Each structure stands twice: as structure tokens, then as C-alpha cells.
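Nothing in this text is a laboratory measurement; each read-out follows from the coordinates by a stated rule. Note that the structure is predicted; figures quoted are calculated from it, not measured. A quick note on method: Cβ atoms are made from the backbone with ideal geometry, for glycine too, and the neighbour counts reach across all protein chains shown.
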Amino acid sequence: MRRWRSGQSHPAISGAALYMWYVYILKSKKDNKYYIGCTSDLDKRLVRHNKGGNKSTKNRKPLELIHRELYDDKHQALARERKIKSYKGGDEFKRLISGVGGGVDNRTRL
């Protein structure tokens, strides 16, 4: 499985419908807690979170995207979401959210 970093282009896939899946981490600017999720439409999902459309985050707005990973398979994305949630704020989670360069970490696994 190849990881595509920010600034790299991934190959075009012709003749097939392409649904990409994101695993993402949000940080609440209100309480500094994190939310880990998975979606096929990250922009729409972020708007929904920040409008209070998610039970888990509606009282923790505003939320900031601090990490995202892109997958071409829903099952891989869901497995990765579960893996990140299993870190429970430990050292592995801290390394993941620290990222490189201080911006949103962009990882793609195809």
C-alpha cells in the first residue's frame, strides 16, 4: 500500500468510479479534546460538525481539522479509524497529531 503525501499527485484511475474515504481528527477549540471519524465527504462532514449536526461534537464547537488520511477503500479507512481510537491519547496518538510542518497532516493510502 503506497502512502501519498501532500504535494504529490496520485495516479488517475480510468473507467472506474472512485470513492475516496477519509479518516480525520478534529480538535475542539472549546475544550481541547479530540474527535476521530471517517467519511467519504470530508468538507461536508466538517461543516456538519461545526454546525452542531453531530451528537458527539455539537457542544464542543468550534472544531479544527488537525489530521487526515485518505484511503481508496472504506474497510481500510474504518480499520484505521478503529486503530487510531485504540491509541487512547497515548504516545502513538501524540506522534500522529503532532504531524510534520505544523499543518494538517495529509496521508493517502491507495
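Descriptive notes on the structure:
- Histogram of C-alpha separations across region 32-109, 10 Å bin width, %: 17, 49, 34, 0
- Between residue 72 and residue 19, the modelled label-to-label distance comes to 1.6 nm, taking each label 7 Å out from Cα in the direction of the beta carbon.
- Under 18 Å from residue 27, Cα to Cα: aspartates and glutamates that are on another chain or at least 8 residues apart: 43, 64, 69, 81, 91, 92, 105
- Filter on 33/58; 30/55; 51/85 - keep pairs with C-alpha separation over 18 Å: 51/85
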